[in-house]
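Step one of this worksheet: look at the structure below.
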Amino acid sequence: MEAVVAYVDNELSPMATTRADAHLVLCTRCSEEVVNQVRARSLLRGGAQMSAPPSLLGQLSQIPTREIDVRRAGRSNRRSR
Ligand SMILES: [Zn+2]
C-alpha cells in the first residue's frame with residue numbers, strides 16, 4: 001500500500017484515513033508496514049516520540065500479531081507445565 005507513508009505522516013484526507021484504518025485491520029502485511037514506518041520515523045527523530053496518531057496505535061493494538069502471541073503462549077505453556 002503506497003499510502004502507508006502518507007498515512008503515518010497523517011497527511012491522508014479523512015476519508016482516505018478511514019479507508020486505511022479499515023484496510024489495516026484486515027491486512028496484516030500493510031499493518032506491519034505501518035508499524036515499520038512508525039518505528040523508522042521514531043528512530044529518525046531520536047526515538048523520543050511516536051508520531052503516529054492515537055487512533056492508529058489503537059488500531060494496531062487490536063491487530064493480533066500471530067508470531068508474538070504464539071511465542072508467548074508457547075513459553076507460558078511450557079513454564080506452567
Ligand atoms: Zn494491504
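Residues in segment 15-27 that are more than 8 Å from the ligand (Cβ to nearest atom) and either within 10 Å of the chain's Cα centre (by Cα) or of a type in the set (D, E, K, R) (or both): Arg19, Asp21, Val25. The residues on offer are Arg19, Arg75, Arg39, and the sole one that is out of contact with any helix residue (DSSP H, G or I) (no Cβ under 8 Å at 6 or more places or on another chain), at pLDDT 90 or above and charged (D, E, K, R) is Arg19.
The set of residues in segment 28-44 that are within 10 Å of the ligand (Cβ to nearest atom) and either exposed (fewer than 13 other Cβ atoms within 10 Å of the Cβ) or assigned to a loop (DSSP other than H, G, I, E, B) (or both) contains only Arg29.
Residues in segment 5-14 that are part of a helix (DSSP H, G or I) and either within 15 Å of the ligand (Cβ to nearest atom) or small (Gly, Ala, Ser) (or both): Val5, Ala6, Tyr7, Val8.
The values are calculated or read from the model by the stated rules, or taken from the named source; none is laboratory data. Owing to the predicted nature of the structure, the values given are computational and were not obtained by experimental measurement. Here Cβ is always computed from backbone atoms with ideal geometry, including for glycine, and neighbour counts include all displayed protein chains.
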